[in-house]
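Student: A single structure is presented below for examination.
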Amino acid sequence: MARQWFKRAWTRIVPEPAERSTYVLISSLLLLLLFWQWRPMSGIIWHASHSAGRFVLLVLFATGWLIALTTTFSINHFDLFGLRQIYLHLRRRRFPPIPFKTPGPYQCVRHPLYLGWLFAFWSIPTMTVGHMVFAIGTTVYILLAIQFEEKDLVSFYGEAYRKYREQVPMILPLRLTK
């Protein structure tokens, strides 16, 4: 639903100002369906029984969710979830697109929201088989989504995003090559 071809088709069905918020709503409903229909898978992959290890993993878990939350506010929380578009439409005001910028966590990595999710999905004291399946699935999804998203960002922002991509790592806040 995040691809441009889908958005063009979708806005023939729903008003353009509601495109983003309906995307978020449908994605959330599908995630709730996944949670509701999830069937436990027995088996433990790892279990951190030492209190220091558990503490470190819980801190990393909380850090992941904190990164994800602060990232949404550093760009524009209400725009990300489609609320600004609806609000402006109801006020009969034009929706100005947000210009390209790199606030806060975007100075360290290009996709801090995804980094936060990865921390949250993988940094848990007890990794069950079911959670591992979920973590692997979402990690693959994130890594594939980044490829499509980067193409869209280059087409939207052109040279500004190309330069940013050369200067800032994709998801891990370190450069392995020069």
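The values are calculated or read from the model by the stated rules, or taken from the named source; none is laboratory data. What you are looking at is a predicted structure, and each value in this text was computed from that prediction instead of being measured. Here the Cβ is made from the backbone with ideal geometry for all residues, glycine too, and neighbour counts use every protein chain on show.
Student: Kindly indicate whether PHE35 is aromatic (Phe, Trp, Tyr) and modelled with pLDDT of 95 or more.
Tutor: Numbers: aromatic (Phe, Trp, Tyr): yes; modelled with pLDDT of 95 or more: no.
It is false that PHE35 is aromatic (Phe, Trp, Tyr) and modelled with pLDDT of 95 or more.
Student: So, SER51, is that one more than 25 Å from VAL109 (Cβ to Cβ), of a type in the set (Gly, Ala, Ser) and touching a Ser or Thr at 6+ places or on another chain (Cβ under 9 Å) or not? Explain how you work it out, then say what you get.
Tutor: Details: more than 25 Å from VAL109 (Cβ to Cβ): yes; of a type in the set (Gly, Ala, Ser): yes; touching a Ser or Thr at 6+ places or on another chain (Cβ under 9 Å): no.
Spelling it out, it is not the case that SER51 is more than 25 Å from VAL109 (Cβ to Cβ), of a type in the set (Gly, Ala, Ser) and touching a Ser or Thr at 6+ places or on another chain (Cβ under 9 Å).
Student: With the condition kept exactly as written, say whether any residue in the range 16-34 is in a loop (DSSP other than H, G, I, E, B) and either in contact with a helix residue (DSSP H, G or I) (Cβ under 9 Å, 6 or more places away or on another chain) or surrounded by 14 or more Cβ atoms within 10 Å (Cβ to Cβ) (or both).
Tutor: Just the residues of the range 16-34 that are in a loop (DSSP other than H, G, I, E, B), to begin with: none.
No, every residue in the range 16-34 fails to be in a loop (DSSP other than H, G, I, E, B) and either in contact with a helix residue (DSSP H, G or I) (Cβ under 9 Å, 6 or more places away or on another chain) or surrounded by 14 or more Cβ atoms within 10 Å (Cβ to Cβ) (or both).
Student: Quick one: is ARG3 surrounded by 12 or more Cβ atoms within 10 Å (Cβ to Cβ) and at pLDDT below 90? Give the derivation first.
Tutor: Details: surrounded by 12 or more Cβ atoms within 10 Å (Cβ to Cβ): yes; at pLDDT below 90: yes.
It is true that ARG3 is surrounded by 12 or more Cβ atoms within 10 Å (Cβ to Cβ) and at pLDDT below 90.
Results for (1) among the β-branched types (Val, Ile, Thr); (2) within 28 Å of TRP38 (Cα to Cα), shown as yes or no for each residue.
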site	(1), (2)
LEU90	no, no
PRO97	no, no
PHE100	no, no
VAL109	yes, no
LEU113	no, yes
PRO125	no, yes
THR128	yes, yes
TYR141	no, yes
GLU159	no, no
